[in-house]
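Contents: one structure, followed by commentary.
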Amino acid sequence: MMKSENYEQLKLENQICFPLYACARQVVNSYTPLLKPLGLTYTQYIVLMVLWESDCVTVGEIGRRLYLDNGTLTPLLKKLEKQGLIERRRCSEDERVVKISLTQEGWEMREAAKDIPAQMGSCSALDEQDAKTLYMLLYKLLGDFEGKV
């Protein structure tokens with residue numbers, strides 16, 4: 001058996017990716033009991049958040065905002081449409097472009113979900129400054145990866 005000191009770069013404790021991965025899983029898992037009564041998954045919830053900010057956006061714009069590809073978005077959007085929360089329409093100028101807009105039920109879901117961010121905020125021991133710093137660092141890291149993968 002080879003000694004591990006020759007492979008420090010492969011130790012889990014030396015990886016920034018692992019605590020990011022583990023935290024992301026914990027955060028998403030923490031949303032589950034809050035979203036389940038609304039019939040939403042975390043990914044559906046963040047799609048709705050994009051639409052609550054600016055209704056009637058293209059699938060491509062949603063994908064860019066959420067770092068998701070069309071293969072992930074298409075079945076998710078079909079489910080949201082089946083739930084009556086969104087409508088999908090092809091753009092009249094370019095039929096390759098699909099625009100997504102909220103239905104009345106989709107807008108009503110915003111009211112049902114309005115307290116979720118505060119409930120999630122109480123799950124973390126980070127103070128406001130640490131939370132802002134983490135937010136900025138994570139977006140900096142995301143920006144570093146854009147166009148490189």
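For the chain, leaving out every one of the trypsin sites (Lys or Arg not before Pro) that falls in a DSSP loop and has at most 15 other Cβ atoms within 10 Å, the longest unbroken run is 12-95. Between the alpha-carbon centres of region 96-147 and region 11-86 there is a gap of 9 Å. Computed extension length for residue 42-residue 119: 26.3 nm, one decimal, from 0.36 nm per residue of separation with the Cα-Cα distance subtracted. Taking a ≥ b ≥ c as the square roots of the eigenvalues of the Cα gyration tensor, region 62-149 is oblate, since a/c reaches 1.5 or more and a/b is not larger than b/c. The Cβ shell under 11 Å around residue 86 holds other residues with a net charge of +2, Lys and Arg each +1, Asp and Glu each -1. Measuring against 27 Å, Cα to Cα, the residue pairs 99/140; 79/114; 82/140; 36/82 contain 99/140; 82/140 as the ones spanning a longer distance.
Taking each residue as 0.36 nm, the span from residue 111 to residue 135 lengthens on full extension beyond its C-alpha to C-alpha distance by 6.1 nm.
For residue 103, the amide hydrogen comes within under 5 Å of the amide hydrogens of 86, 87, counting only partners 5 or more places away or on other chains and with H modelled in the peptide plane. The mean accessible area for residues of the chain, using a 1.4 Å probe and ignoring ligands and nucleic acids, is 73 Å² per residue. Using 0.36 nm per residue and subtracting the Cα-Cα separation, the extra length available between residue 56 and residue 30 on full extension is 6.5 nm.
Under the combined filter of DSSP loop state and at most 14 neighbouring Cβ atoms within 10 Å, region 56-149 retains these chymotrypsin sites (Phe, Trp or Tyr not before Pro): 67. 3J(HN,Hα) along region 94-103, derived from phi through the Karplus expression 6.51 cos²θ - 1.76 cosθ + 1.60 where θ = phi - 60°, amounts to 8, 5, 6, 8, 10, 9, 10, 9, 7, 8 Hz, with x in place of Gly and Pro.
The values are calculated or read from the model by the stated rules, or taken from the named source; none is laboratory data. Remember, it's a predicted structure, so these values are computed and weren't measured experimentally. Because the Cβ atoms are built from the backbone with ideal geometry, glycine has one as well, and the counts that use them run over all protein chains shown. Surface areas here come from the heavy atoms of the whole protein model, side chains and all, with no ligands, DNA or RNA. Shrake-Rupley method; radii C 1.70, N 1.55, O 1.52, S 1.80 Å.
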